[in-house]
1. Tell me, which strands (runs of 3 or more DSSP E) wholly within region 210-286 include 2 or more residues that are more than 20 Å from residue 170 (Cβ to Cβ) and in contact with a strand residue (DSSP E or B) (Cβ under 6 Å, 6 or more places away or on another chain)?
2. So is residue 191 in contact (Cβ under 8 Å) with a residue 40 or more places away in the chain and either within 14 Å of residue 56 (Cα to Cα) or surrounded by 23 or more Cβ atoms within 10 Å (Cβ to Cβ) (or both) or not?
3. Under 6 Å between Cβ atoms, which residue pairs at least 6 apart in sequence (or on different chains) link something in region 129-144 that is within 19 Å of residue 394 (Cα to Cα) and surrounded by fewer than 24 Cβ atoms within 10 Å (Cβ to Cβ) with a partner that is among the aliphatic types (A, V, I, L, M) and at pLDDT 90 or above?
4. Suppose we filter region 21-47 for residues that are over 12 Å from residue 326 (Cβ atoms), modelled with pLDDT of 95 or more and of a type outside the set (Ser, Thr, Tyr); how many remain?
5. Just give me the residues in region 310-323 being surrounded by fewer than 19 Cβ atoms within 10 Å (Cβ to Cβ) and either among the small types (Gly, Ala, Ser) or in contact with a helix residue (DSSP H, G or I) (Cβ under 8 Å, 6 or more places away or on another chain) (or both), in sequence order.
6. How many residues does region 143-182 hold that are under 25 Å from the mean Cα position of the chain (by Cα), of a type in the set (A, V, I, L, M) and assigned to a strand (DSSP E or B)?
7. Would you mind telling me which numbered condition in (1) on the phi < 0 side of the Ramachandran plot; (2) at pLDDT below 95; (3) not in a strand (DSSP E or B) residue 314 fails?
8. Name the pairs whose Cβ atoms lie under 6 Å apart, with the first residue in region 146-168 and closer than 30 Å to residue 87 by Cβ, the second crowded, with 17+ Cβ neighbours inside 10 Å and β-branched (Val, Ile, Thr), and 6 or more positions between them or separate chains?
Amino acid sequence: MLRFKPCYLFIGLALSGYHLNSYAAGFALFEQGASGLGNAYAGASAVAEDASTIFFNPAGMTYLEGRQIVGALHLIKTSGDFDDRASERAGTRPLGNEGGEIGSLAAIPNFYYKQDISDQLKVGIGVGTPFGLKTEYDKNWLGRFQAIKSELKTVNINPSLAWKLNDQWSFGFGVSAMWAQAELTSAVNVGVAESSINNKGKDWGFGYNLGTIYQVTPDTRLGLAFRSKVEQHLKGDARSPFTALNGIPGRTLNTDITADLTLPETLSLSSFSRLDDRWDLLTDITWTRWSQFKALSIMRDNGSNTAVGSTQEHWNNTLRYSVGLNYRYTDTLKLRTGVAYDEEAIDNNHRTARIPGNDRIWLSLGASWQYSPQTKFDVGYAHLFIKEASIYDDQQSPAPGKGLIAGKYDGSADILSMQLTHQF
């Protein structure tokens, strides 16, 4: 199967699909609850408004009483295209088209449950996906020998525990069990003709998250949260209609393959302040260690210790900044807004067709309606302005080559999220 040496790939819930870019740096997904989307997830590690805090900061469960269940659904519509700027064909093969529309509609669910063990001790569980991306081009596009489809699906299960030390300090801890399945496809240049290859593998990986909240004053609190890396050792197979090399272990395109997949650590610092009876101010800064992603390699697992393919990545660590406001219009209706700036991990010198992301700006709106003392509905909307991304990826050698991709990506995304929170 693929061997992605430290490879952070395209993740989403099973049955979900993502196109062009994910919606935070690299392929991270912040869509872990609808109540935070209206604030562009500002204050996520400190606000502790509902059980979705299990993902953002498990210490926030100490601010919730009784049993609570949260279900959220995020509809994500992406739009994007590639504009060719003097790309070159692979050897003698025809150049091909620009890949078509690289956007689609995807649905991502989240689920959380929280209950009290005592006044000081809380327990909960969350199910969601902290990363996600699917990029897919027309099978005859000009970059088909480098990438056609790139996808990774995961389901992350996150049981958590929270403890309230006193009126100022709360602490939380959780473990993550993450199922991952990766798939990479491309065309294969065999000189006088073309074929294709599909690389696919899956595995379980494990990690943890922890956090603390400090109540500075009755109206202001700070949250600090850390999520560990999750290492996957994917196993699967490569399959191709091209069978002429099947008898040569170091060159065959039909073989078992392996992939080492490491998803990066994150560290978030948030604040939540109740300014007066109407207004709240929320802020957040999140660091992600994308610099571990140095190369993407697909290794044969047949004793030959050879690569089906390898691409240098050289990603950078990123910061995401956000600020938001809440306005309590009535006792049952809260309005939200927020803005975020999300740095991309990829620079122009190392962008590839599999992950053509760039910096983005979030503009968000949302509302919460307290339908009854036990039930609350949330809705949020965000538009993401994605900076134009240039690519110059020359893979003409070794012969017969994979061609030169030169051009620009243009894209945007719209997110609509809905959430039901019920207190028992």
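1. Working: elements: 220-227, 230-239, 255-263, 266-274.
Once the strands (runs of 3 or more DSSP E) in region 210-286 are filtered for at least 2 residues that are more than 20 Å from residue 170 (Cβ to Cβ) and in contact with a strand residue (DSSP E or B) (Cβ under 6 Å, 6 or more places away or on another chain), what remains is 230-239, 255-263.
2. Values: in contact (Cβ under 8 Å) with a residue 40 or more places away in the chain: yes; either within 14 Å of residue 56 (Cα to Cα) or surrounded by 23 or more Cβ atoms within 10 Å (Cβ to Cβ) (or both): no.
It is false that residue 191 is in contact (Cβ under 8 Å) with a residue 40 or more places away in the chain and either within 14 Å of residue 56 (Cα to Cα) or surrounded by 23 or more Cβ atoms within 10 Å (Cβ to Cβ) (or both).
3. none
4. Here is the first cut: in region 21-47, the residues over 12 Å from residue 326 (Cβ atoms) are 21-34, 37, 40-41, 44-46.
Subsequent filtering for residues that are modelled with pLDDT of 95 or more retains 37, 40-41, 44-46.
From the residues that got through so far, the ones that are of a type outside the set (Ser, Thr, Tyr) too are 37, 40, 44, 46.
Counting residues in region 21-47 that are over 12 Å from residue 326 (Cβ atoms), modelled with pLDDT of 95 or more and of a type outside the set (Ser, Thr, Tyr) gives 4.
5. Of everything in region 310-323, those that are surrounded by fewer than 19 Cβ atoms within 10 Å (Cβ to Cβ) and either among the small types (Gly, Ala, Ser) or in contact with a helix residue (DSSP H, G or I) (Cβ under 8 Å, 6 or more places away or on another chain) (or both) turn out to be 310, 316, 317.
6. So the answer is 9.
7. (1)
8. Every condition considered, the pairs that remain are 148/185; 149/185; 150/135; 152/11.
The values are calculated or read from the model by the stated rules, or taken from the named source; none is laboratory data. This is a predicted model, so every value here is computed, not measured. Because the Cβ atoms are built from the backbone with ideal geometry, glycine has one as well, and the counts that use them run over all protein chains shown.
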